[in-house]
Amino acid sequence: MKQAEILKMLMPPVPLEGVVEDLHLIEGAALDNVEASADQLLQEVLPDLACITLPDWERFFGITTNPELTLVERRRNVMVKYFGRGLSKDFFIRLAALMGQTITITDYVRPRCGVARCGKARLSVADAKWAWLVSGLVDTDEFARAGELCSGERLGGSSANIETIFNELKPAHTLVYFEYVG
């Protein structure tokens, strides 16, 4: 039921002289707009559906807004921060899965006495105490889906920038190298 109809039912049954007869229509339209805005705000309580409040979510999590990213990619970046940080390789593997990537992480350490073993391939990366090789990344194009984009968003585009997200969340002492397939 529209707000104008509700307001009309609240009006007295007698004509009021000097009062705009269509006042309930004007006020009802304004209340309908407020109700629609409130409904839209309820949909943006969590960042996975945010459109209007996405810049607020990015600011809250300390993410620099990148205008070249699509709305979906920006939402993913916020969701990564929303779900927290982790230092384990398993966390990063699950994070990549959340972003649609199936990866493996190889952990390299500088050869040390008691750690290095004969026959091990690719023991270390030059000048790095700790290094990860993230393998299996696929650079895919994404397609627009109903309800995910706002007016004016570009359609399609490259997959979310997983390298940037990994480098923001990785342990400070770790170097991460990325290997794409295909």
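Details
- Being part of a loop (DSSP other than H, G, I, E, B) and over 30 Å from residue 161 (Cβ atoms) holds for only one residue in 34, 45, 14, and it is 14.
- Within the stretch 17-39, considering residues that are farther than 17 Å from residue 1 by Cα and loosely packed, with under 12 Cβ neighbours inside 10 Å, the one modelled with the lowest pLDDT: 18
- Among the residues making up the stretch 155-182, those that are at pLDDT below 80, surrounded by fewer than 16 Cβ atoms within 10 Å (Cβ to Cβ), closer than 25 Å to residue 67 by Cβ and in contact with an Asp or Glu (Cβ under 9 Å, 6 or more places away or on another chain) are 156, 158.
- Of all residue pairs spaced 6 or more apart or on separate chains, those with beta-carbon atoms under 6 Å, a first member in the stretch 49-64 that is within 17 Å of residue 165 (Cβ to Cβ) and a second member that is in a loop (DSSP other than H, G, I, E, B) and of a type in the set (A, V, I, L, M, F, W, C) are 57/50.
- So residue 106, is it modelled with pLDDT of 85 or more, of a type in the set (S, T, N, Q) and loosely packed, with under 12 Cβ neighbours inside 10 Å: no
- Scope the stretch 53-98; condition among the basic types (Lys, Arg), surrounded by 18 or more Cβ atoms within 10 Å (Cβ to Cβ) and closer than 22 Å to residue 40 by Cβ; matching residues: 74, 75, 76
The values are calculated or read from the model by the stated rules, or taken from the named source; none is laboratory data. Just so we're clear, the structure is a prediction, and the values are computed from it rather than from any experiment. All Cβ positions, glycine included, derive from the backbone under ideal geometry; neighbour counts span all protein chains shown.
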